[in-house]
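Shown next, in structure tokens, is the structure this report addresses.
The values are calculated or read from the model by the stated rules, or taken from the named source; none is laboratory data. Because the structure is predicted, anything quoted here is derived from the model rather than measured. Cβ sites come from the backbone with ideal geometry, for glycine too, and all protein chains shown count toward neighbours.
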Amino acid sequence: MKDQKNLEKLSKQMEEMDRYLLTIRSQRHDFLKHVSAIGHLMEQESNKGAKEYLEELVGEYEGINSTLKGESTPIASILFKYKKILNRIGTNVTYKLDVPVSLLPLKKINQVQLLENLLENATDAICGYHALHSQSSLSVSTAIHSGIYILQIENSAFFKNRHILDSLFEKFEITSKHGEHQGLGTYIISSLVKSHHGILTYQFQNDELKIIIKLPIIAELNKISGK
């Protein structure tokens, strides 16, 4: 039963990836059409209109390219998906990826599991917070220091019962989500980190939940490659 649910969730994630990749491809496909439109505006001596059109276009492409840079197809689609979802409600989303998420020292399927569950939980918490305060933020950053891959996620959050913070990633059925949830996402995150000899720490301060995951690079890459 559990394996069946995991397969169904993975299948749904793959469908979502395909949908968002189609959006990305269609925007790239339309690039020359946008250039043609700008050229037409300039021919009509509508410099102001061309400038406004170009600024809007550049802003859209910068948002997409910053998400795609150096990332594998599955990871890029996940990052793009949640950025689009959160931008829609007015959340300030920042990706400061000094190292691609695709270089996480995990198998590709585990990379998807980890990132999807982290961002799904963060998005749910942000939506609850935004409904109360009409503002919210998400920050995802990556770095490598002394052979350790560091993934950090900070997001706005509201906890009606703060006691759950004491064992957020330690007990199954403890969740950061609102409503009736089993806490499966936090369980998967914790299990993945532990099984790859990583360290997960978190803190909640000033309505911000910060999660830091540290994973050793060399040992895990050797394990993945079968050495």
Original post:
Quick check: is even one residue across the range 102-121 in contact with a strand residue (DSSP E or B) (Cβ under 6 Å, 6 or more places away or on another chain), assigned to a helix (DSSP H, G or I) and closer than 17 Å to LYS210 by Cβ?
Top reply: yes
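Answer yes or no as to whether ASN206 is within 22 Å of HIS133 (Cα to Cα), at pLDDT 90 or above and loosely packed, with under 15 Cβ neighbours inside 10 Å.
Details: within 22 Å of HIS133 (Cα to Cα): yes; at pLDDT 90 or above: yes; loosely packed, with under 15 Cβ neighbours inside 10 Å: yes.
It is true that ASN206 is within 22 Å of HIS133 (Cα to Cα), at pLDDT 90 or above and loosely packed, with under 15 Cβ neighbours inside 10 Å.
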Original post:
Pairs under 6 Å by beta carbon, first residue in a helix (DSSP H, G or I) in the range 197-220, partner of a type in the set (Ser, Thr, Tyr), six or more apart or different chains?
Top reply: ILE217/TYR149
Subject >> Residue check, ILE126 crowded, with 18+ Cβ neighbours inside 10 Å, among the aliphatic types (A, V, I, L, M) and either part of a helix (DSSP H, G or I) or more than 15 Å from the chain's Cα centre (by Cα) (or both) >> reply: yes
**OP:** For the range 151-161, indicate whether the set of residues that are at pLDDT below 80, surrounded by fewer than 19 Cβ atoms within 10 Å (Cβ to Cβ) and over 21 Å from the mean Cα position of the chain (by Cα) is non-empty.
**Re:** yes
Original post:
Any idea which of ILE38, ILE89, ILE78, ILE64 is modelled with pLDDT of 95 or more and not charged (D, E, K, R)?
Top reply: ILE89
Subject >> Matching residues, the range 132-173, being closer than 20 Å to GLY185 by Cβ and assigned to a helix (DSSP H, G or I) >> reply: ARG162, HIS163, ILE164, LEU165, ASP166, SER167
